[in-house]
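All remarks here apply to the structure that follows.
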Amino acid sequence: MDPRTREGLLAEAAASFAMVLVAGGTAATERATGVGPVGVALAYGLAVAAADAALSPPALGNPAVCLAGWARGERTARSSAALLGAELAGAVAAALALSVVLPPDLARVSALGTPTPAPGLSPWRALAAEVLGTFLVALCALGPRGRDRSAAAGAATAAAALLALPLSGAALNPARAFGPALVSGTWTSWWVPWAGPVAGAALAAPLAGSDSIRGRDRR
């Protein structure tokens, strides 16, 4: 494995870890801390922006965005599969960390912050919320890398989370749901945070600009 590929994998794993740790942890402790949906959404967006800005290479830790990039020809299927594996591994590591840090009762009741559709809401409505929310996120996430993208992706994530939290739980990222779901054993409507974000990112892919399409980011 060449150094650039290794750095990319580590960056995606780290971004996913940070995102799930902060977003999942904030969601799990929402009632105890009183931060409310606004606090949860803000923490999610800040984690995404900070990780993307701080890591080298920049990374978002989002399998839906990764798959959309592959569909646009930005990277090979093999590279995309490796990145997706790194993102999911980072998410599981973060969920394991939360299971150690959170009190057992809180970890069990909150399912480690696993995003799930609101009680009584049709899974299809939750799916629509994930599609629309991730569409907004992907429009920014698929753009040229840099601090502008980091800020835009973070702001879009926070705004989309405010929209989707009361409906779908605001995964907006398959890794955000996968890690906590796997560790907590919570698989309620598990397909929603996969199908919704992947579809939303796919819809955004043809509309978003990208420096990689201009040949500066082919891995």
Practice problem: Take the Cα radius of gyration of the chain and divide it by 2.2 N^0.38 Å, with N its residue count; two decimals is plenty. | Solution: 0.93
Quiz item: What is the distance, in nm, between label points placed 7 Å from the Cα along the Cα-to-Cβ direction at residue 101 and at residue 76?
Solution: 3.7 nm
Quiz item: Against the longest alpha carbon principal axis of the chain, how many degrees, from 0 to 90 and to the nearest 10, is the axis of helix 77-101 turned?
Solution: 30 degrees
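If the only charges are +1 at each Lys and Arg Cβ and -1 at each Asp and Glu Cβ, what is the size of the charge dipole of the chain around the Cα centre, to the nearest 20 debye? Display every interim value, and only then the final one.
Details: 16 positive and 12 negative charges, 78 e Å.
Value, rounded to 20: 380 debye.
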Quiz prompt | Residue-by-residue Karplus 3J(HN,Hα) for the range 159-165, coefficients 6.51, -1.76, 1.60, Hz, glycine and proline x | solution = 5, 5, 5, 4, 5, 8, 3
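The numbers here are math on the coordinates, done by the rules we state, and not lab data. Remember, it's a predicted structure, so these values are computed and weren't measured experimentally. As a convention, Cβ positions derive from the backbone with ideal geometry for all residues, glycine included, and neighbour counts pool all protein chains shown.
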